[in-house]
Amino acid sequence: MIQDTGVVVRFDNRSGKMYGYIETPGKKKVWFHYRNGRYIRVNRQTGELYFSKRWVFLRIPHEGDKICFTECGDIEKPKAKPWSYESIYKKAFRKAERLNEPCPLCGHPMRLHNGNDDTIAECTMCACGTEAFEHEDEPLSTTPSWSTGPGGQEGYES
């Protein structure tokens, strides 16, 4: 669970170090290590945000970066573990909001649809058991049309 936010006030990126300090809005300094950086994910069933379990290669923090984190450790030596950038949090938050929006085809929350993405084209089966396109006069195309892009590269949607 994401509990607090702050700003990086110092970070030592020398080999073997890779740690720094975050200052919270209440002026408390919290220690953090680069290896505790995580992505923020959205639970598709509940819409809740959570930190990924495994360490990921995030960019090196710099002074002034906004960080969100879960505080652990004791009162005298608080630690941010795990942590992530505020921009990653905001992106996950927007996705969670979209997953709770009603489907324009059947009215159920988008998170109840199958698919790896929250786009209508991926939502072919609703939690109510009916196919999403049965709520419309014409079925949705569930396969995008692809064409060849500049230089013969495939994957451009037409």
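The values are calculated or read from the model by the stated rules, or taken from the named source; none is laboratory data. Everything numeric here is computed off the predicted structure, so don't read it as measured data. Virtual Cβ from ideal backbone geometry, glycine too; neighbours counted across all protein chains shown.
Counting only residues that are assigned to a loop (DSSP other than H, G, I, E, B), at pLDDT 90 or above and among the β-branched types (Val, Ile, Thr), how many does segment 24-54 have?
Selection size over segment 24-54: 1.
Output the number of the condition that residue 57 fails; it satisfies all remaining conditions of (1) surrounded by fewer than 18 Cβ atoms within 10 Å (Cβ to Cβ); (2) in a strand (DSSP E or B).
(2)
May I ask you to verify whether residue 100 is farther than 21 Å from residue 29 by Cα, under 17 Å from the mean Cα position of the chain (by Cα), at pLDDT 70 or above and surrounded by fewer than 16 Cβ atoms within 10 Å (Cβ to Cβ)? Spell out the reasoning first.
Details: farther than 21 Å from residue 29 by Cα: yes; under 17 Å from the mean Cα position of the chain (by Cα): yes; at pLDDT 70 or above: yes; surrounded by fewer than 16 Cβ atoms within 10 Å (Cβ to Cβ): yes.
Judged against the criteria, residue 100 is a match.
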